[in-house]
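Accompanying notes for the structure given below.
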Amino acid sequence: MPSTLIAPPSSLPNQDSDYEALISSLALNGWGMVPEFCPSSLVAQLRTEAIGLWQAGNFKPAGTGRGNRFELDDSVRSDWIHWLDPINASNTQLLYFKQMEQLRLELNRSLYLGLFDLESHLAVYNPGDHYHRHLDQFQDSNLRILSCILYLNENWQNDDGGQLLLYDHWQSPTPCQEFLPTGGNLLCFLSARYPHEVLPAKRPRFSLTGWYRTRNPLPAG
C-alpha cells in the first residue's frame, strides 16, 4: 500500500505553522496533503450546496482539453462539474476562497511559485464514474501550477472506492501514492508533474478542485 503524508490536523489553517508540513512535502516531493484543512461545518455546508446544485441540474458532463480541442468522452472521464465564480459566490463558497487565498500567499512566500489566481469547480462522480490517467496542465498552456483538491465526502470508507492514484511517470505500472477522498482533506500536487487517475466509487463522490495559476506562461523546457 503506498504511503500517504499525514500532516498535523488543522481546523482553520491561518498561521504559518499550519502550512509547514504541506510546504515541506511540496518542496521535497511535489505533493502534500493536509487532513482537516477545512472545519467539518464548512465541509458540510459545501457538500450541501453541491448536492443542491446537482439536484437543480447545474452540473455538466466533464470533458478533456479546451477550445477546439475540447472533447466529451465518458470512456476517459465520466464525472460531472460545476464551475465556481468568486464574484457571484455564495457565502459558503467565499469562505473556501478566503482559505485558499491564505494558502496562496503562504505558498508564494515559502516556495516562490508565482501563484496569481485560482480557478475552481465542484465535481461529482456517480457510482461507477472514473477519470483515466491524465495531467491537469493543458497541452497548449502551462498556466496551471498547483492542483488542489478539497474532498467533501462524509464518513468515507476504503471500501467505498473513489481513490485518487498519483503516478511518478506516464509509464509507471503502479501508483506512487494513493489517497482516499476523505471529507475535509486537501490534496495538493504539481499540475505538470504528476499523472493521476480517479477510481470508480460505490456511492456519490464530491470534491472541490482548484488550480493555482501563474499570470504569465512559463518558459518552454
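Table for the structure above
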item: Residue list for region 34-76, filter: modelled with pLDDT of 95 or more, in contact with a strand residue (DSSP E or B) (Cβ under 9 Å, 6 or more places away or on another chain) and either more than 21 Å from residue 153 (Cβ to Cβ) or not β-branched (Val, Ile, Thr) (or both); result: 46, 47, 49, 50, 53, 54, 58, 59, 60, 61
item: Residue 177 touching a residue at least 40 places away in the same chain (Cβ under 8 Å) and either surrounded by fewer than 21 Cβ atoms within 10 Å (Cβ to Cβ) or at negative phi (or both); result: yes
item: Looking only at region 144-162, and only at residues there that are under 16 Å from the mean Cα position of the chain (by Cα) and not in a strand (DSSP E or B), the one that is surrounded by the fewest Cβ atoms within 10 Å (Cβ to Cβ); result: 153
item: Qualifying positions in region 91-109 - aliphatic (A, V, I, L, M), surrounded by fewer than 19 Cβ atoms within 10 Å (Cβ to Cβ) and closer than 16 Å to residue 186 by Cβ; result: 95, 105
item: Qualifying residue in region 128-135 (condition: outside any strand (DSSP E or B), touching a helix residue (DSSP H, G or I) at 6+ places or on another chain (Cβ under 7 Å) and within 24 Å of residue 83 (Cβ to Cβ)); result: no
item: Candidates 27, 21, filtered to the one that is modelled with pLDDT of 95 or more and either part of a helix (DSSP H, G or I) or of a type in the set (Lys, Arg) (or both); result: 27
item: Where a residue in region 87-115 is without any contact (Cβ under 8 Å) to a residue 12 or more places away in the chain and its partner, wherever it lies, is surrounded by 14 or more Cβ atoms within 10 Å (Cβ to Cβ) and assigned to a loop (DSSP other than H, G, I, E, B), with Cβ under 9 Å and at least six apart; result: 108/114
item: Residues located in region 181-221, provided they are closer than 21 Å to residue 62 by Cα and either without any contact (Cβ under 8 Å) to a residue 40 or more places away in the chain or polar (S, T, N, Q) (or both); result: 181, 191, 207, 209
item: Given (1) touching a helix residue (DSSP H, G or I) at 6+ places or on another chain (Cβ under 7 Å); (2) assigned to a strand (DSSP E or B), index of the condition residue 117 fails; result: (1)
item: So residue 193, is it out of contact with any His (no Cβ under 6 Å at 6 or more places or on another chain) and either acidic (Asp, Glu) or not in a loop (DSSP other than H, G, I, E, B) (or both); result: no
item: Counted residues, region 36-78 - those being surrounded by 11 or more Cβ atoms within 10 Å (Cβ to Cβ), of a type in the set (S, T, N, Q) and over 20 Å from residue 198 (Cα atoms); result: 5
item: Within region 78-98, considering residues that are of a type outside the set (A, V, I, L, M) and in a loop (DSSP other than H, G, I, E, B), the one nearest to residue 132 (Cα to Cα); result: 78
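The values are calculated or read from the model by the stated rules, or taken from the named source; none is laboratory data. Owing to the predicted nature of the structure, the values given are computational and were not obtained by experimental measurement. Glycine also receives a Cβ, built like all others from the backbone with ideal geometry; neighbour counts cover every protein chain displayed.
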